[in-house]
Amino acid sequence: MRILLVNMPWTSIDVPSLALGILTNSVRQKMPDAQVEVIHANLDFVDWVVERTDFGLTDYYYYSLYTYFSGCGDWVFSSALYDDPQWRVDEFIRRVQGQMSERDLDRNLKLHRMVPEFVDELAARIVERAPDVVGFTSTFQQNTAALATAKAVKRLDPRIRTAFGGANCDGEQGAALHRNFSFMDFVVRGEGEVAFPALLTVLAGEQACGQPAGADEFARIEGLCWAGPDGRHVANPISTTPLPPAEIVSPDYTGYFERLAASKARNWVEPRLVVEGARGCWWGEKHHCTFCGLNGSFMQFRSKHPGKFYDEIIGLAERHQVLDMFVVDNILDMSYVTSLLPRLAESDYDLRLQYEIKSNMRGPQVQALADAGLVSVQPGIENLSSRVLKIMDKGVTGCLNVRMLRDAETSGITIAWNYLYGFPGENDADYQAVIDQMPALHHLCPADGSTRIAIERFSPYFVRPDLGFTDLRPAAQYLLIYDLPESELMDLAYIFDTPTQGIGEDLAERLDRTVTEWQHEYARSRLTHHDLGTEIVLVSQRRHFDWHVLRLTEPAEIAAFRQLDQPHSVASLAKRISVPEASVAALLDRWLELGIVFTDNDQFIQIAPQAMNQELLRIDHLHQERAAAQAQAAGESAAAEQARQPELTTV
């Protein structure tokens, strides 16, 4: 049996497909005689479009990263899906008028006209390879490109079976796709390591005996959508048991790096590996964040044995000679902090990892991440107001999120985060207090932007109208992409429109302006501290503060600053350093004016990362200058005192 697995635009070009890498290995393990090949159609598209236009990396990122919530990537390929280069062009122009630059509009319209040719050429190449099954993975904006190609393949050779899987096929989405597009023979919903090889085994049996498989054989495959004997759509129940961690297959990335090396994209990106240590979310099992639509089929957290995951990471690095890795886990298994991470730190490889974590990790844990090679983390900060974070059910506070920003800066780790707003029950005060303090945070990693939340399928906001969002309808982009009634789009869509909640647009615009200023100021801003034992020296270089060096020399000040490594209220801090509350309150008010503490929900935390490297040398130099000055002053004072003493005579 010959199987082709296709990775369509607009998935990232600097990483291989984890889904197809896992399926490749799964099929090879369970069907050793099968031939499995991955077609990197995302790279094929880059080479195709670069030959015909001035398309570049930023143009690809426009679709793969920046326009997911407006659906531009899917709309571009809708012309190929519906065999119409003018498919809803007028409606698209009306929708984006005034919201999109002329260059962006021209690019969308041009590609919309061009891509049917690419799809036809790709389908012809697929058919030439004479596969028995063509499998498409669909996540984010891959849907219409994959659908259009599958349709073209079936048009050229109806005998080829087409199968779909991926995040866009989870739950009702997969059933809706299969129900509405007859050229999709099969849709695998949920985890595919078991279901896809089981499907291929049934199809291989058909080949061997020359007879169609019985309906009962397809009916036994959990999560499979297929056409019954009468041609009607059938959606098997999705498995209720998640795949055990020991059965999560390692990916096989054979062919990707060779294909990238032959592509024009080789000059655009440095390739990275994608690895997976866990599935599900241990926090979401207890408290599903109200806006989060991840882990649709299975929230249950399960992780690979740290030894197995270590071997997988090192094995992939050695095989492909690549040290940059993206870990797709939705949350770090905290046991890895004392098991996996120390082994990575002690390895002979200078790994550069990206990971998703929870933002309540403490400084030593953050440093353990850095020691293991983590250079970027996504801690799910989302907001700096404790009240809004409680509405989200995040399980952290504003001060803890600021602590994460501070400690990551100390450890040299970049933070990826967005400032979210638009939650039912939030109010202006939740944002105004934070906005007023943002100039003090300019030395910490800024948010990538601020945005009103979108309602995602599988999130509590989607499944529980009592949380505040009612009158859900498919996001407007789907009406421009698909020729389907709204009732079907309700099942197919992942993003939904609803009347806005939370703060108004005026305050939202102020938040956006303040975050943008933070982004601009970050590179030239600095605030650090160095604890010298008898004093703490702070160095500041921030546009909104006119002081540069501040020395804390009073014992109460030093004690208070050290305690504020963790959040404290006035009362708690006063108790810990044995100082009256009124004195502590006055001190914190002064430190707020100086921009060395952040406050939220009656809690305070100091926001100065530890001085490192050159900053330490600068502070030590200042300390030495001060010590020398003090010594000189002391010497001059002693000389003066001696001069004042009566002269002694010798008898």
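The figures follow:
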| quantity | calculated |
| --- | --- |
| Unmet criterion (only one of (1) surrounded by fewer than 19 Cβ atoms within 10 Å (Cβ to Cβ); (2) touching a residue at least 60 places away in the same chain (Cβ under 8 Å); (3) over 22 Å from Ser26 (Cβ atoms)) for Arg266 | (2) |
| Residue match in the range 53-70 (condition: over 30 Å from Asp132 (Cβ atoms), in contact (Cβ under 8 Å) with a residue 40 or more places away in the chain and more than 28 Å from the chain's Cα centre (by Cα)) | yes |
| Residues of the range 359-386 satisfying the condition of being more than 22 Å from Ile314 (Cβ to Cβ), surrounded by fewer than 20 Cβ atoms within 10 Å (Cβ to Cβ) and of a type outside the set (S, T, N, Q) | Arg362, Gly363, Pro364 |
| Hits in the range 513-524 - residues which are surrounded by fewer than 17 Cβ atoms within 10 Å (Cβ to Cβ) and not hydroxyl-bearing (Ser, Thr, Tyr) | Arg513, Glu517, Gln519, His520, Ala523, Arg524 |
| Strands (runs of 3 or more DSSP E) contained in the range 390-508 and holding at least 1 residues on the phi < 0 side of the Ramachandran plot and open to solvent by 40 Å² or more (accessible area, probe 1.4 Å) | 450-452, 495-497 |
| Residues of the range 77-109 classified as in contact (Cβ under 8 Å) with a residue 12 or more places away in the chain, within 15 Å of Ala152 (Cβ to Cβ) and of a type in the set (Asp, Glu), total | 1 |
| Cross-chain or 6+ apart pairs with Cβ under 8 Å, the range 349-360 first and under 17 Å from Gly284 (Cβ atoms), then assigned to a strand (DSSP E or B) and open to solvent by less than 40 Å² (accessible area, probe 1.4 Å) | Tyr355/Val327; Tyr355/Leu374; Tyr355/Ser376; Tyr355/Val377; Glu356/Val327; Glu356/Val377; Ile357/Val377 |
| Total residues in the range 509-534, condition outside any helix (DSSP H, G or I), of a type in the set (A, V, I, L, M, F, W, C) and in contact (Cβ under 8 Å) with a residue 40 or more places away in the chain | 2 |
| Test: residue in the range 67-88 that is in a helix (DSSP H, G or I), out of contact with any Pro (no Cβ under 8 Å at 6 or more places or on another chain) and surrounded by fewer than 19 Cβ atoms within 10 Å (Cβ to Cβ) | no |
| Residue count, the range 155-198 (criterion: open to solvent by 10 Å² or more (accessible area, probe 1.4 Å) and either hydroxyl-bearing (Ser, Thr, Tyr) or without any contact (Cβ under 8 Å) to a residue 12 or more places away in the chain (or both)) | 3 |
| Subset of the range 89-143 (residues that are among the β-branched types (Val, Ile, Thr) and farther than 30 Å from Ala34 by Cα) | Val89, Ile93, Val96, Val115 |
| Search result, residues across the range 569-606 that are under 18 Å from Leu405 (Cβ atoms), not charged (D, E, K, R) and not in a helix (DSSP H, G or I) | Gly595, Ile596, Val597, Phe598, Thr599, Asn601, Gln603, Phe604, Ile605, Gln606 |
| Scan of the range 316-329 for residues that are within 21 Å of the chain's Cα centre (by Cα) and either open to solvent by 40 Å² or more (accessible area, probe 1.4 Å) or acidic (Asp, Glu) (or both), ordered by number | Leu323, Asp324, Phe326, Val328, Asp329 |
| Hits in the range 30-52 (condition: assigned to a helix (DSSP H, G or I) and either farther than 14 Å from Val269 by Cβ or among the acidic types (Asp, Glu) (or both)) | Lys30, Ala41, Asp44, Phe45, Asp47, Trp48, Val49 |
| Pair list, Cβ < 7 Å and 6+ apart or interchain, from the range 557-584 residues that are of a type in the set (Ser, Thr, Tyr) to residues that are open to solvent by 30 Å² or more (accessible area, probe 1.4 Å) | Ser569/Asp602; Ser569/Gln603 |
| Subset of the range 535-568 (residues that are in a helix (DSSP H, G or I) and open to solvent by less than 40 Å² (accessible area, probe 1.4 Å)) | Glu557, Ile558, Ala559, Ala560, Phe561 |
| Residues (surrounded by fewer than 19 Cβ atoms within 10 Å (Cβ to Cβ) and of a type in the set (A, V, I, L, M)) located in the range 275-315 | Leu294, Ile314 |
| Wholly enclosed helices (runs of 4 or more DSSP H) of the range 95-205 bearing at least 3 residues among the hydrophobic types (A, V, I, L, M, F, W, C) and within 18 Å of Leu480 (Cβ to Cβ) | 102-128, 143-156 |
| The listed residue being in contact with a helix residue (DSSP H, G or I) (Cβ under 7 Å, 6 or more places away or on another chain) and under 30 Å from Ile455 (Cα atoms), out of Ser78, Ser101 | Ser78 |
| Ala204 vs. criteria at pLDDT below 95 and within 23 Å of Pro158 (Cβ to Cβ) | no |
| Positions within the range 112-135 being within 33 Å of the chain's Cα centre (by Cα) and over 15 Å from Leu81 (Cα atoms), in sequence order | Ile126, Val133, Val134, Gly135 |
| Any hit, the range 348-356, residues being within 30 Å of His320 (Cα to Cα), touching a Lys or Arg at 6+ places or on another chain (Cβ under 6 Å) and open to solvent by 30 Å² or more (accessible area, probe 1.4 Å) | no |
| Selection within the range 242-259 - assigned to a helix (DSSP H, G or I) and buried (at least 21 other Cβ atoms within 10 Å of the Cβ) | Tyr256 |
| Residue in the range 156-166 that is in contact with a Lys or Arg (Cβ under 6 Å, 6 or more places away or on another chain) and either aromatic (Phe, Trp, Tyr) or modelled with pLDDT of 95 or more (or both) present | no |
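Residue-wise test of (1) polar (S, T, N, Q); (2) within 19 Å of Gln378 (Cα to Cα); (3) out of contact with any helix residue (DSSP H, G or I) (no Cβ under 8 Å at 6 or more places or on another chain); (4) at pLDDT 95 or above.
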site	(1), (2), (3), (4)
Trp268	no, no, no, yes
Cys281	no, yes, yes, yes
Gly284	no, yes, yes, yes
Phe291	no, yes, no, yes
Asn295	yes, yes, no, no
Arg302	no, no, no, yes
Pro306	no, no, no, yes
Val327	no, yes, yes, yes
Ile331	no, yes, no, yes
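The values are calculated or read from the model by the stated rules, or taken from the named source; none is laboratory data. Note that the structure is a prediction, hence the values are computed from the model and not measured. Every residue, glycine as well, gets a Cβ built from its backbone with ideal geometry; the counts of neighbours run over all protein chains shown. Keep in mind that these areas ignore ligands, DNA and RNA; they rest on the heavy atoms of the full protein, side chains included. Shrake-Rupley method; radii C 1.70, N 1.55, O 1.52, S 1.80 Å.
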